[in-house]
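Enquirer: Take a look at this one; I'll ask things after.
The values are calculated or read from the model by the stated rules, or taken from the named source; none is laboratory data. Computed from a predicted model, the values in this text were never measured in an experiment. Glycine gets a Cβ as well: all are built from the backbone with ideal geometry, and neighbour counts include every protein chain shown. Side chains included, ligands, DNA and RNA excluded: accessible areas come from the protein's heavy atoms. Shrake-Rupley method; radii C 1.70, N 1.55, O 1.52, S 1.80 Å.
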Amino acid sequence: MNKEKMCQKTPITPIIIVTGVVAVIVLVVVLGISLTNNLNLSNIIRLNEKVASDSANSFSSAESAEASYVHNHPRNLHKFEMINDDNGGSYNSSDTVNNTNFSHKTDNRIMIDVDYNHLNNNHNVNDSSADEEKRNHIVKMALHAWQNYKLYAWGQNELKPLSKRAHSGSIFGSYDLGATIVDGLDTLYIMGLKDEYEEGRDWIKRKFSLDNISADLSVFETNIRFVGGLLTLYAFTGDPLYKERAQHVADKLLPAFRTPTGIPYALVNLKTGHSKNYGWASGGSSILSEFGTLHLEFSYLSDITGNPTYRERVQNIRQFLKDIEKPNGLYPNYLNPKTGKWGQLHMSLGALGDSYYEYLLKSWIQSGQSDEEARTMFDEAMLAISKKMVQKSAEGLTYVSDMKFDKLEYKMDHLACFSGGLFALGAATRENENTEKFMSIGKGITNTCHESYIRSDTGLGPEAFRFTEAAEARALKSNEKYYILRPETFESYFIMWRLTHEQKYRDWGWEAVQALEKYCRTPNGYSGVRNVYQKDPQKDDVQQSFFLAETLKYLYLLFSDDSLLPLDKWVFNTEAHPIPIKNSNDLYRMASSSENNNQNVV
């Protein structure tokens, strides 16, 4: 054996190279972790600075704000007396006195639901630990949506969760109107998310104004989201800030009513007052569902401000529609505000028509059932719809078809899925010869809308669905297959649950929650999907403001006790903003006689 070969050493160069490569890898990993942490910290700092910069007082008066919040909460179902525990959480200092139930822990705090049984007449607990867990899960969904909106679109209208920026294509444009804040704030309040609520209130106090906004805004959308949301917050809290802002918005809409008939235009420029209709709307017509969906908000605003102008404007619309001739008792979707003539004879309980009918019933409910004119018009309209437009498919599915020139289209919009709850609510609030019929239709429509969900691959319902020999309760056209986080089906689940307590409505609601989580949740919020019939659908990258205002609110209430916003004390506007019922709810907050005397007619 060669002694020289035996003693030969391994060359040192490969060792150096290997060691160097390992060192570089370790360094990259360390730097990556550090950079990630720094980016996360930067985002958190940016979020806190962004929200704090809009804060009126950086919560320096947190104790007084908290006391006001607790005192004014509707039905006093939530209480906040939070102190930190040793584990970074928190608890209620009076839990042994107030019969508390610990619920969802989020962001190092535990929210506490308090059962004030002695404050609720006819209190009927339908809760269970399973329902509580589901309700708490929905609260976490709301937090996920809200926190990402704060991080990427705070003060702007809506969030694009995939792009991680504001949605400038919103119906409210690129102006910083805070649509998600104003629209979603009452949902956060109802869920007991005090910190988030206070952030939103501070933004409204500091930043929200429609002055100097040179843009054409939808009278309808601005009313239901902004006026409606602010009125609900005023009812909940009694905070004059909300009443002042609601009146500010409504005043900006009044120029749209300057027409020969008093039927308002669809769009109004907030700076100039110039108003117009959409160019596509049947020869310059106004749209039934838009000018017919102002009564709840404007009537209530007159009552809390003492200014009769708002009620006068919508009562004029009511009177005009009462007196006009209606083909076969039906209301076409288009009406010319100059001539007072109907446009194209297109009837629908979905898009273009839907919430007009809703506001007939709910105006009667809101009035303490004294507005008999509204109830009579509702019954007559729904009887005509049930005779001409309500259909039953070959499989036995009840649905409401659109109609054009007396011809059925055998198509139903997702938007019309609210009508299951509407028919049932009409049946439950007055017993007459129509009661059984309306309840049967309501149950049938709600079941059909559920079928439209479970017949898709995602468990989410399409924008519209059809009934043919080949398919039922399914979208057949590509432009009808999308889902944009809509709430209407869940609204009917909620109403039907409250009226019947049939477990299937909660089961259906939970199916929907799971589908939303699987297909609509993103790391930075929630998004609609473009095709509910694909197992891996493309997302549309928009978190609609009504996802917080309506979708999550109705799902939360579906799993809540009946004493939270009971239906004999509250009525929901078409954006799911609860408005108190007159002579039934102490939070109606009528204007004082001195306020009535100080108001001038606009």
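Enquirer: Just need a number here: residues in segment 171-196 that are open to solvent by less than 10 Å² (accessible area, probe 1.4 Å) and among the hydroxyl-bearing types (Ser, Thr, Tyr). Walk me through how you get there before you give the answer.
Expert: Pass one, segment 171-196, residues open to solvent by less than 10 Å² (accessible area, probe 1.4 Å): 172, 177-193, 196.
Add one more test, that the residue is among the hydroxyl-bearing types (Ser, Thr, Tyr), and what stays is 180, 187, 189.
Of the residues in that region, 3 qualify.
Enquirer: Given the structure, is ALA394 of a type in the set (A, V, I, L, M), under 24 Å from LYS362 (Cβ atoms) and at pLDDT 95 or above? Full working, then the answer.
Expert: Working: of a type in the set (A, V, I, L, M): yes; under 24 Å from LYS362 (Cβ atoms): no; at pLDDT 95 or above: yes.
Considered against the rule, which asks whether it is of a type in the set (A, V, I, L, M), under 24 Å from LYS362 (Cβ atoms) and at pLDDT 95 or above, ALA394 comes out as no.
Enquirer: Suppose we filter segment 295-342 for residues that are exposed (fewer than 15 other Cβ atoms within 10 Å of the Cβ) and touching a Lys or Arg at 6+ places or on another chain (Cβ under 7 Å); how many remain?
Expert: Residues meeting the conditions: 1.
Enquirer: Confirm whether HIS248 is open to solvent by 10 Å² or more (accessible area, probe 1.4 Å) and either out of contact with any strand residue (DSSP E or B) (no Cβ under 8 Å at 6 or more places or on another chain) or closer than 20 Å to PHE572 by Cβ (or both).
Expert: On the way: open to solvent by 10 Å² or more (accessible area, probe 1.4 Å): yes; either out of contact with any strand residue (DSSP E or B) (no Cβ under 8 Å at 6 or more places or on another chain) or closer than 20 Å to PHE572 by Cβ (or both): yes.
Answer is yes for this residue.
Enquirer: Just name the residue that is farthest from PHE236 (Cα to Cα) out of those in segment 571-602 that are modelled with pLDDT of 95 or more and among the polar types (S, T, N, Q).
Expert: THR574
Enquirer: Condition first: in contact with a helix residue (DSSP H, G or I) (Cβ under 7 Å, 6 or more places away or on another chain), under 24 Å from GLY442 (Cα atoms), part of a loop (DSSP other than H, G, I, E, B) and touching a residue at least 40 places away in the same chain (Cβ under 8 Å). Can you find one or more residues in segment 578-589 that meet it?
Expert: Yes, that holds for at least one residue.
Enquirer: Within segment 198-221, can one find any residue that is under 14 Å from TYR149 (Cβ atoms), among the aromatic types (Phe, Trp, Tyr) and touching a residue at least 60 places away in the same chain (Cβ under 8 Å)? Walk me through it before giving the result.
Expert: Filtering segment 198-221 down to residues under 14 Å from TYR149 (Cβ atoms) leaves 199-200, 203.
Restricting the remaining residues to those that are among the aromatic types (Phe, Trp, Tyr) gives 203.
If we keep only those that are touching a residue at least 60 places away in the same chain (Cβ under 8 Å) as well, we get 203.
Yes, segment 198-221 has at least one match.
Enquirer: If I ask for residues that are of a type outside the set (Asp, Glu) and either more than 19 Å from the chain's Cα centre (by Cα) or more than 17 Å from HIS414 (Cβ to Cβ) (or both), which ones from segment 528-542 would you list?
Expert: So in segment 528-542, the residues of a type outside the set (Asp, Glu) come out as 528-535, 537-539, 542.
The answer is ARG530, ASN531, VAL532, TYR533, GLN534, LYS535, PRO537, GLN538, LYS539.
Enquirer: Which ranges mark the helices (runs of 4 or more DSSP H) fully within segment 201-263 that have 3 or more residues being under 19 Å from LEU288 (Cα atoms)? Spell out how you get there, then give the answer.
Expert: Numbers: elements: 219-222, 228-237, 240-253.
Qualifying helices (runs of 4 or more DSSP H): 219-222.
Enquirer: From (1) in contact with a strand residue (DSSP E or B) (Cβ under 9 Å, 6 or more places away or on another chain); (2) under 18 Å from TRP146 (Cβ atoms); (3) part of a loop (DSSP other than H, G, I, E, B), pick out the condition that doesn't hold for PHE547.
Expert: So PHE547 meets the others, but not (3).
Enquirer: Additional query: Please verify whether segment 518-534 includes one or more residues that are open to solvent by 10 Å² or more (accessible area, probe 1.4 Å), closer than 18 Å to ARG135 by Cα, in a helix (DSSP H, G or I) and touching a residue at least 40 places away in the same chain (Cβ under 8 Å).
Expert: Looking for residues that are open to solvent by 10 Å² or more (accessible area, probe 1.4 Å), closer than 18 Å to ARG135 by Cα, in a helix (DSSP H, G or I) and touching a residue at least 40 places away in the same chain (Cβ under 8 Å), one finds at least one in segment 518-534, hence yes.
Enquirer: Can you tell me how many residues in segment 345-366 are open to solvent by 40 Å² or more (accessible area, probe 1.4 Å) and either of a type in the set (Phe, Trp, Tyr) or modelled with pLDDT under 95 (or both)?
Expert: Total satisfying the criteria: 0.
Enquirer: Given the residues THR222, THR232, THR259, THR237, which is the only one that is on the phi < 0 side of the Ramachandran plot, among the polar types (S, T, N, Q) and surrounded by fewer than 18 Cβ atoms within 10 Å (Cβ to Cβ)? Talk me through it step by step, then tell me what you get.
Expert: Values: THR222 fails: surrounded by fewer than 18 Cβ atoms within 10 Å (Cβ to Cβ); THR232 fails: surrounded by fewer than 18 Cβ atoms within 10 Å (Cβ to Cβ); THR237 fails: surrounded by fewer than 18 Cβ atoms within 10 Å (Cβ to Cβ).
Answer to the check: THR259.
Enquirer: Need the failing condition index for TYR453 against (1) open to solvent by 20 Å² or more (accessible area, probe 1.4 Å); (2) in a helix (DSSP H, G or I), just the number.
Expert: Here TYR453 clears every test but (1).
Enquirer: Would you please name the residue that is surrounded by the fewest Cβ atoms within 10 Å (Cβ to Cβ), looking only at residues in segment 535-544 that are in a loop (DSSP other than H, G, I, E, B) and touching a strand residue (DSSP E or B) at 6+ places or on another chain (Cβ under 9 Å)?
Expert: Restricting to residues being in a loop (DSSP other than H, G, I, E, B) and touching a strand residue (DSSP E or B) at 6+ places or on another chain (Cβ under 9 Å), the top hit is GLN538.
Enquirer: Can you run down the residue pairs with Cβ atoms below 8 Å, 6 or more apart or on separate chains, where the first is in segment 164-175 and farther than 16 Å from SER214 by Cβ and modelled with pLDDT of 95 or more and the partner is of a type in the set (S, T, N, Q) and surrounded by fewer than 14 Cβ atoms within 10 Å (Cβ to Cβ)?
Expert: ALA166/SER174
Enquirer: Then there's this: Could you list, in sequence order, all residues of segment 518-570 that are among the charged types (D, E, K, R) and either farther than 29 Å from GLN156 by Cβ or modelled with pLDDT under 95 (or both)?
Expert: Here is the first cut: in segment 518-570, the residues among the charged types (D, E, K, R) are 518, 521, 530, 535-536, 539-541, 550, 553, 561-562, 568-569.
LYS535, ASP536, ASP561, ASP562, ASP568, LYS569, listed by residue number.
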